[in-house]
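Report on one structure; see the data block that follows.
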Amino acid sequence: MPVLIKEKILKSLLVLIFLMPMVVFAQKTTISGYVKDVSSKEVLISASVMVPKLKIGTTTNQYGYFTITIPSADTSLIVFSYNGYLPVVKKIFGNKNTLLTILMRAEANSLNEVVVQANRNEDNVKKAQMGIIDVPIKSIKELPVLLGEHDILKTIQLLPGVQSGQEGTSGFYVRGGNLDQNLIQMDEATVYNPSHLFGLFSTFNVNAINSVKLIKGGFPSEYGGRLSSILDIKMKEGNKEHFKAEGGLGLISGNLTLQGPIQKNKSSYIVSARRSYIDLFLKLTSKSTSYRFYDLNAKVNYELGIKDHLFLSLFKGNDNAAYTAANSLNYGTNFGNSTATLRWNHLYGNKIFSNTSLIYNDYHLQLGTSQNSYYQVLYTGIKDINAKTDFTATPSTKHTIKFGASYTYHTLYPGAISAKIPKKNNRIAINPDSLTKRYSNEAAFYINDDYQLSNTFSINYGIRIPYFSGSGGTYTFIEPRVTTRFSLNNTTSIKASYTQMNQFVHLIPSSTASLPADIWLTSSNKIKPQESNQVALGLFKNFKDNEIETSIEVYYKTMKNQVLFKEGTQILLNTNLDNVITFGKGKSYGIEFFAKKNFGRLTGWASYTLSKSNQQFPDINFGRSFPSSFDHTHNLSLAASYELNKAWTLSADFVYSTGKPYTLPAGKVIVYGDGSLYDNYYYDYTKRNNSRLGAYNRLDISASNKKQSKLFKKFPYEREWVFGFYNVYSRANPYFVYLETDPATKKPLAKQVSLLPIIPSVSFNFKF
Amino acid sequence: MKKTFIFFTIISVGFILACQKTISVAPPSYNNKVSIQGFIEPDSVPIVYFNETVPYFGEAIKKNQLIVRNAQITISSNTSSDVLNLDSVFDKIDCQYNYFYKGHQKIQSNQTYHLSILSGGKTYTASANTNLLAPTIDSVSYVANYNDIYGEHEGVVVYFKDVSSQTNFYRYEMKRSADTSTKKAEAKIVSACLGNDSVQVNEIGRAVFNDIGNEGKEIKIVIEPAYSHKKGTVGNIYIQSFDQNAYDFFSQLDRQKLAQYNPFIEPVFLQSGQFGTDAIGFFSAKKHSQPFQFVFPE
């Protein structure tokens, strides 16, 4: 974006923010409170709160809280709605400010759905937000999955603008950005590696999750620190009414979730644990392969009063694995995330909601890979201590102002070695304690206003000011954020957004290794922060009383200070990683089509993305632009779930995407080297990423059968059998390609390695 | 229990075993270039290798089929001009002729020479100066185990003193004899042309070195021998000194091979050198040190 336009946007935003206090205070009635599930008292996030008469509304925030200010009147009707729940209509009398707790009842079954006009969430067309998708937990639980493990990230990969990585991995790429450009937060704590089992499953246990929100553009200013997306995951708080237990047994793991009140309606707990047991069977079948993982979520909360609420959430996940595959590929890893979040929600009066958090997270990855005669060992340790406070003020019907600050103290200690496997296999090991630690400070301040100028026009605008200091580098930025919405009619709107983002932690990707071999680094005097500028324009249209949401979004994103390893970099223990990195720029643009059916027996969505993502580095590819390693031109995802009857639900998903680019030599050069160890033939590469793996496509299906039963004819419980097939037609999707010489013809041969054929699964779930 | 075990075994084995197959890939488009390697050394006649590059996914081709014939190659200085002619030498190990262009006049010291190649309507030019000095080898030893970026290997350890008056670029060379009992890069030499003969081979180190940070000091290099040896095998070791054009060229070849073998290293693109984008290669002066006779202790 030209500097002049950027300056103008910044000036306009500053003027608007300066004028905010002058326009916001007028005598009105404020209705605020929490929206909760009636049976568990679990808060409902992003529930819709509408005043139909005034055609104004809001949604509950990520803590289930809402506040809406309306002109004083004798009576006002407020309609609360939430996907999968029966709507609640509340009549408010008088002019007094009111604090409510709204309890909503889940629909027993969508076959008996009650259709109430205007009760369905219409944020898609009514809010000045774009590129934001709330992923229903119900969808995550219904879609077919690998080996019966419900997976948040696998579902995320089916959304428009989101692309999966390699076969079987749960990492995702958003709008042409690298993996590290996604900030994944669990109860506000950063999760650096959200995967289990070589990335085949995500580390999040669905039974412990309340909400999942993906933001891929039009970032409100409370979010920052990554260029491409924010995945905001909130844990459940625990049932405040009754003790509940649910769990499941799959092919490779089992899980159990317990929740209940500590003090009824005042405090509760939830503990959820998952552990694999495939290692017990692998011990009998293979000595070289082992898988073991576990994750544990726990949370307690305590309501000090209606205005104060304390939370403590903990998460720990760990993986230990070894794997042997084709092309003498070996892989051994031990990695884990631990996070702790202490949170305090407080209401100042009834117009200002605050959330203050102290967060700790600890991540380590130890990885040993060998392929052919070479091996690599890498270690990354990250420890973050984070404090943040956020305020939401609703001074008038038209404004929702958010402001806050955060501070993070990062400690990173990366190290890597790559070498030929010694004859006696005495490989060099990395001692994490001996690695040089990189300390850094990251802080941010922000202010954001969601301003409803009229029924047809609204603007969400703000500024975020991030600051970073570490390893000899100090950086401060001013990031403008603007999203506007113009309604063409009640069901159609046009939206546009501009956001600037900066990022101070970087995952340096390896373009050649077949398995993840990435290293995290913080910015320094040599490693400048990554920066992106993104503009997006979208048309949003809902049909059949918001039963069907559709959208078309186009985006254009530029990225500065992208990082890659220099050509020929061989990392040794004493390598200064700052010196083996090269910097360039990236550009990504595309168009995303999305149609989603929210209600009825058939639910699901279809998304198609046509996109292009390029990078350009002075030291790479002769300085010319090349497709980034995560450039997939076409991406089609279909996800559907059909309730056949009260017992049976059928689900399927289908994905198709253009193959991943990789680099092939174009020419062969003879060099007369006399009796060198080398064979005198060299590669003439003409372009980086000049070839593509074959297209990826896969169909998964599943069928689930639910039934209410009684244990010992006495204790009622719900049980569910889920039968599924991953990759139904067993397509050999490409994982990577390597080159060999045909011993007979002496011609080069390309060999493709594929990972996951058809995989059946069966799992059993229960709920008391 | 038995059925459960079989079921889990099938699932886990299916999960573990990745499959691989040969696939056909669309060959990247490629415009053939030329490869030029020209060393000039005082008191020797110039030799220039002038070959064609070929598509990687093309037909298998012998290296002597790549020679570009009918090229007009001239090496000239202020005082001389030498037109090179196509020549060849029979390589008994590869059992084929190797072709190159060879001059007639010996190269002089402290002269600037200009290479001009006219071929296929294109002209390739470069210059080199023969004002190089060679270092003196002080000592040579042997280690059975050595670790460096190439991994664990045996090594010939060469100590030599850097020439302090210039920026230097070095490479190792050993002249020795080999026969069918000798292994090259751990593969036994198989040649129908060699019979029971032994031939002299020039063993060239794959790594190149510079004297940055070691100007005028003693330098130690450890070289993995290309050919197998026995106790008492004799070789004459040289240190070649050449200019930066040759260093840059051989350095990128070495880094590319490391990346080609080691899947954890980013691929290295061969950069255009002195001849522009249509040619890969170098034209450089070279100077050998005095030989140092070395006898392998094992």
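The values are calculated or read from the model by the stated rules, or taken from the named source; none is laboratory data. All values derive from a computational prediction rather than experimental measurement. When we count neighbours, we look across all protein chains shown, and the Cβ atoms used for this are built from the backbone with ideal geometry, even at glycine.
Looking at B:T125, B:T167, just one residue is in contact (Cβ under 8 Å) with a residue 40 or more places away in the chain and either assigned to a loop (DSSP other than H, G, I, E, B) or at positive phi (or both), and that residue is B:T167.
Looking only at the range A:644-687, residues that are within 26 Å of the chain's Cα centre (by Cα) and among the basic types (K, R) come to 1 in all. For the range B:1-38, name all the residues that are surrounded by 14 or more Cβ atoms within 10 Å (Cβ to Cβ), of a type in the set (S, T, Y) and either over 31 Å from the mean Cα position of the chain (by Cα) or at pLDDT below 75 (or both). Matches in the range B:1-38: B:T9, B:S12. Only one entry in A:A744, A:A732 is small (G, A, S), out of contact with any strand residue (DSSP E or B) (no Cβ under 9 Å at 6 or more places or on another chain) and in a loop (DSSP other than H, G, I, E, B), namely A:A744.
Please verify whether the range A:505-518 includes one or more residues that are at pLDDT 90 or above and under 25 Å from the mean Cα position of the chain (by Cα). Looking through the range A:505-518, at least one residue is at pLDDT 90 or above and under 25 Å from the mean Cα position of the chain (by Cα). Being within 14 Å of B:D254 (Cα to Cα) and in contact with a helix residue (DSSP H, G or I) (Cβ under 7 Å, 6 or more places away or on another chain) is the filter here; which residues of the range A:681-714 pass it? Listed by number, the residues that qualify are A:Y682, A:Y683.
Counting only strands (runs of 3 or more DSSP E) wholly contained in the range B:180-258, the ones carrying 2 or more residues that are more than 9 Å from every other protein chain (Cβ to nearest Cβ), on the phi < 0 side of the Ramachandran plot and within 15 Å of the chain's Cα centre (by Cα) occupy B:199-210, B:234-242.
With respect to (1) part of a strand (DSSP E or B); (2) touching a residue at least 40 places away in the same chain (Cβ under 8 Å), the lone exception for B:S109 is condition (1). When A:N765 is tested against (1) within 8 Å of another protein chain (Cβ to nearest Cβ); (2) surrounded by 21 or more Cβ atoms within 10 Å (Cβ to Cβ), only condition (1) is not met. Criterion applied to A:V300, A:V212 was being under 14 Å from the mean Cα position of the chain (by Cα) and in a strand (DSSP E or B), and the one residue passing it is A:V212. Could you tell me whether A:K707 is under 26 Å from A:G260 (Cα atoms), of a type in the set (D, E, K, R), away from chain B (no Cβ under 13 Å) and in a strand (DSSP E or B)? Judged against the criteria, A:K707 is a match.
Of the residues that sit in the range B:76-99 and are part of a strand (DSSP E or B) and of a type in the set (V, I, T), which one is farthest from the other protein chains (Cβ to nearest Cβ)? Per the criteria, the residue is B:V83. The residues listed here are A:L200, A:L258; of these, the one that is at pLDDT below 85 and more than 14 Å from the chain's Cα centre (by Cα) is A:L200.
Looking across the range A:737-762, the residues that are more than 24 Å from A:L699 (Cβ to Cβ) and facing chain B (nearest Cβ under 7 Å) come down to A:T745, A:K746, A:K747, A:P748, A:L749, A:A750, A:K751. Residues in the range B:258-273 that are crowded, with 21+ Cβ neighbours inside 10 Å and modelled with pLDDT of 90 or more: B:V268, B:F269, B:L270.
Return only the number of the condition from (1) within 28 Å of A:Y323 (Cα to Cα); (2) surrounded by fewer than 17 Cβ atoms within 10 Å (Cβ to Cβ); (3) of a type in the set (D, E, K, R) that A:R731 does not satisfy. The failed condition is (2).
Each row is one residue, and each column tells you yes or no for (1) of a type in the set (S, T, N, Q); (2) modelled with pLDDT of 85 or more.
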{"site": "A:S40", "(1), (2)": "yes, no"}
{"site": "A:K55", "(1), (2)": "no, no"}
{"site": "A:A73", "(1), (2)": "no, no"}
{"site": "A:P87", "(1), (2)": "no, yes"}
{"site": "A:T101", "(1), (2)": "yes, yes"}
{"site": "A:L111", "(1), (2)": "no, no"}
{"site": "A:N121", "(1), (2)": "yes, no"}
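Residues that are surrounded by 20 or more Cβ atoms within 10 Å (Cβ to Cβ) and at pLDDT 90 or above, at least 2 per element: which strands (runs of 3 or more DSSP E) completely within the range A:391-481 meet that? Hits in the range A:391-481: A:399-420, A:438-452, A:457-470. Examine the range B:143-154 for a residue that is without any contact (Cβ under 8 Å) to a residue 60 or more places away in the chain, in a loop (DSSP other than H, G, I, E, B) and surrounded by 15 or more Cβ atoms within 10 Å (Cβ to Cβ), and state whether such a residue exists. No, every residue in the range B:143-154 fails to be without any contact (Cβ under 8 Å) to a residue 60 or more places away in the chain, in a loop (DSSP other than H, G, I, E, B) and surrounded by 15 or more Cβ atoms within 10 Å (Cβ to Cβ). Within the option set B:I73, B:I40, B:I61, B:I107, being within 14 Å of another protein chain (Cβ to nearest Cβ), among the hydrophobic types (A, V, I, L, M, F, W, C) and touching a strand residue (DSSP E or B) at 6+ places or on another chain (Cβ under 7 Å) holds for one residue only, B:I61.
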